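Here's the structure we're looking at; comments come further down.
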Amino acid sequence: MDEKIIKGLISKAAEMRKVSYTPYSKFNVGAALLAKNGKIYTGCNIENASYSATNCAERTAFFKAVSENVKEFSAIAIVGGHADAEELDFCFPCGVCRQVMSEFCDDDFKIIIAKSEDIYKIYTLPELLPERFGPKDIFG
């Protein structure tokens, strides 16, 4: 994957982190999802006093894309950490977000976990969700 694209996705994810709604955890996450058509869908985490109604940044980005009938994706960048953190650590997607990714993404889908534009790791979906359950398990 091209370095310029990676850095652009990380930058957009970092921007989205700043608009997270996290009055309870103060843990802000931003995501930038690259569709195979080249369009980027962004998301932030949005908390709710009823925690089960909370939505992660990654799922926000996916749901925005799917709501516009886009269902093929190449990569996602994720940036997260405590709102007051001076330096971020790597923020991995939760299990529910990994499962949503498995619904729409192939084995070559890239998951970019970043501290900054210069410090990041790239994983494939099978590396973060081995033996995943997906549409092929239902339809063969």
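The values are calculated or read from the model by the stated rules, or taken from the named source; none is laboratory data. Computed from a prediction, not measured in an experiment: that's the story for all the values here. Using ideal geometry, Cβ is built from the backbone for each residue, glycine included, and neighbour counts are taken over all protein chains shown.
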* **Evaluation of residue 131 against (1) at pLDDT 95 or above; (2) loosely packed, with under 13 Cβ neighbours inside 10 Å; (3) out of contact with any helix residue (DSSP H, G or I) (no Cβ under 8 Å at 6 or more places or on another chain) (one fails), failing number** => (1)
* Structure fact -> If we take the range 52-134, then strands (runs of 3 or more DSSP E) inside it with 2 or more residues that are under 20 Å from residue 39 (Cβ atoms) are 73-82, 110-114
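Output yes when any residue across the range 27-41 is in contact with a His (Cβ under 9 Å, 6 or more places away or on another chain) and not in a helix (DSSP H, G or I), and no when none is.
For the range 27-41, residues in contact with a His (Cβ under 9 Å, 6 or more places away or on another chain) and not in a helix (DSSP H, G or I): present.
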* Structure fact -> All-but-one check, residue 81 against (1) at negative phi; (2) more than 12 Å from the chain's Cα centre (by Cα); (3) not acidic (Asp, Glu), failing number (1)
* Asked: Residues of the range 18-54 being of a type in the set (D, E, K, R) and touching a Phe, Trp or Tyr at 6+ places or on another chain (Cβ under 7 Å), which ones?
  -> 36, 47
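Quick one: in the range 102-124, which of the residues that are among the hydrophobic types (A, V, I, L, M, F, W, C) and in contact (Cβ under 8 Å) with a residue 60 or more places away in the chain is farthest from residue 81 (Cα to Cα)?
Within the range 102-124, the subset among the hydrophobic types (A, V, I, L, M, F, W, C) is 104-105, 109, 111-114, 119, 122.
If we keep only those that are in contact (Cβ under 8 Å) with a residue 60 or more places away in the chain as well, we get 112, 114, 122.
Numbers: 112: 15, 114: 11, 122: 18 Å.
For the range 102-124, the residue satisfying everything is 122.
Kindly evaluate residue 45 against the criterion of being closer than 16 Å to residue 97 by Cβ and not hydroxyl-bearing (Ser, Thr, Tyr). Before you say what the answer is, go through the steps one by one.
Details: closer than 16 Å to residue 97 by Cβ: yes; not hydroxyl-bearing (Ser, Thr, Tyr): yes.
Yes.
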* For residues in the range 38-92 being of a type in the set (A, V, I, L, M, F, W, C) and in contact (Cβ under 8 Å) with a residue 60 or more places away in the chain, which is surrounded by the fewest Cβ atoms within 10 Å (Cβ to Cβ)? -> 83
* Structure fact -> Reported set for the range 84-96 where residues are under 12 Å from the mean Cα position of the chain (by Cα) and more than 16 Å from residue 22 (Cβ to Cβ) is 92, 93, 95, 96
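Residues in the range 2-16: is at least one part of a loop (DSSP other than H, G, I, E, B), surrounded by 13 or more Cβ atoms within 10 Å (Cβ to Cβ) and more than 14 Å from the chain's Cα centre (by Cα)?
Taking the range 2-16 and keeping what is part of a loop (DSSP other than H, G, I, E, B), we get 2.
Then drop every residue that is not surrounded by 13 or more Cβ atoms within 10 Å (Cβ to Cβ), which leaves none.
No - not one qualifying residue is present in the range 2-16.
Go through 46, 78 for me and flag whichever is among the β-branched types (Val, Ile, Thr) and under 25 Å from residue 130 (Cβ atoms). Full working, then the answer.
Values: 46 fails: under 25 Å from residue 130 (Cβ atoms).
Exactly one of 46, 78 is among the β-branched types (Val, Ile, Thr) and under 25 Å from residue 130 (Cβ atoms), namely 78.
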